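Everything below concerns the one structure shown next.
The values are calculated or read from the model by the stated rules, or taken from the named source; none is laboratory data. Every value quoted in this text rests on a predicted model; they were computed, and no experiment measured them. Here Cβ is always computed from backbone atoms with ideal geometry, including for glycine, and neighbour counts include all displayed protein chains. For accessibility, only protein heavy atoms count, side chains too; no ligands or nucleic acids. Shrake-Rupley method; radii C 1.70, N 1.55, O 1.52, S 1.80 Å.
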Amino acid sequence: TPRILSGMQPTHDSLHLGNYLGAQVNWVRMQQDFDAFFCVVDQHALTVNPEPEELRRRTRVTAAQYLAGGIDPDASTVFVQSHVPEHSQLAWVLNCITGYGEAARMTQFKDKSAKRGSDGTNVGLFTYPMLMAADILLYDATSVPVGEDQRQHLELTRDLAQRFNSRYGETFVVPNGHIPEGTAKIMSLQEPTAKMSKSADNQNGNLMMLDEVKVNTKKIKSAVTDTDNEVRYDVEAKPGIANLLRIHSALSNDSIEALVERYAGENKYGALKTDVAALVAEVQAPFRARVEELLADQAELDRVLARGAERARSVAAPVLERAYAAVGFIPSG
Ligand code: TYM
């Protein structure tokens, strides 16, 4: 069976609805047809220098959210990046075939380093995309389910795989992104032309999966829309309404057209918001409860992750060996 790999950074306690709809829903769908690997990328999260206690907690709570959202650890491999040393080992090799300018052109790096200044920007942020490429290439993944914001990193991964193969001989599978249609970019509720983002300044625009339902209901009720009072799907002119329609559609499985028809007429923004809030509550309430259950038995959660790491290593180690041999490292024994 073909493989997929994806991951999330444990930089916060809770996933937001963008992570859930943009990535996780597809992970759950795809785990049936693929040999699936879902990684908690704690080494990537280290680039923002969390407190050690925070990183420990967030790594576990992120893994728990993978499971709570529907990842079956018996069908898929759920693991923590730092448990599989092959990731950083391959990342080094990939660093050595990446151009400095090529890495400097990554927009996420440019944005983050512009905010922090060059002394506030650690080198881990710069080499982040090559570690991500290693995550993917180590599993011969054919497909990588992610949101729109990862497109450029995936393009780099493909370029590096092709470059390596042509320089050193066929070694890596060149992966494709699997970026969903309507949900690849869920927008902030407060600033609907910017993506919902864990690092956004205005956290009122984010729906956090682990917040209390009433907190999210309130955020949805006060979502920024427009004054035109007519429900239409127009991303340019009505980004707030378009975002609510997309969220509704993803959660209800009703088409956007059907929804526009349903909320036709004056003064239906309130009804649309009420219904979106109910749909979000419907996924969120059991999700929260399940996460709590999983965290209550930390030993069991850690066992799941240990099993996952073992399985992941059994796939990653031979691929790393292939790459090491290809570049000319002599065997260690
Ligand atoms: P991260 O942790 O920022 O986000 C996790 C996933 O959520 C998606 N996403 C969104 N989708 C729709 N709308 C949004 N507003 C939104 N915000 C985030 C992201 O696209 C992602 O799929 N670099 C990655 C983590 C990573 C990775 C990998 C992913 C490391 N190694 C290997 C895939 C394969 C990241 O920062 O995701």
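Ordered from largest to smallest accessible area (heavy atoms of protein chains, 1.4 Å probe), the residues 269, 139 come out as 269, 139. Rolling a 1.4 Å probe across the protein heavy atoms gives the chain an accessible surface of 46 Å² per residue.
For residue 37, the residues whose modelled amide H falls within less than 5 Å of its own, excluding neighbours fewer than 5 places apart on the same chain, are 4, 5, 6, 77. Once the other residues with Cβ under 10 Å from the Cβ of residue 210 are scored (Lys, Arg +1; Asp, Glu -1), what is the net sum? Its environment carries a net charge of -3. Residues whose amide H comes within less than 5 Å of that of residue 80, counting only those at least five positions distant or on another chain, are 40, 309 (H built at 1.01 Å from N in the peptide plane). The relative contact order of the chain, computed from alpha carbon pairs under 8 Å that lie at least 6 residues apart in sequence, is 22 percent.
Taking the chain as a Gaussian network, Cα atoms linked when under 10 Å apart, which of 106, 187, 208 shows the biggest mean-square fluctuation? Taking springs between Cα atoms under 10 Å, the residue moving most is 106. Extension gain, residue 29-residue 181: 0.36 nm per intervening residue step, less the Cα-Cα distance, totals 53.3 nm. Rounded to the nearest whole Hz, the Karplus-based 3J(HN,Hα) values (6.51 cos²θ - 1.76 cosθ + 1.60, θ = phi - 60°) of the stretch 37-46 follow the sequence 10, 10, 10, 8, 8, 5, 5, 5, 5, 4, with x at glycine and proline. Computed on protein heavy atoms with a 1.4 Å probe, the accessible areas place 131, 94 in the order 131, 94, largest first. Distances between placed amide hydrogens fall under 5 Å for residue 187 paired with 196, all partners being 5 or more residues away or on another chain.
Cross-link partners for residue 219 among the lysines, with Cα-Cα distance under 17 Å and sequence neighbours closer than 8 places in the same chain left out: 195, 198, 273.
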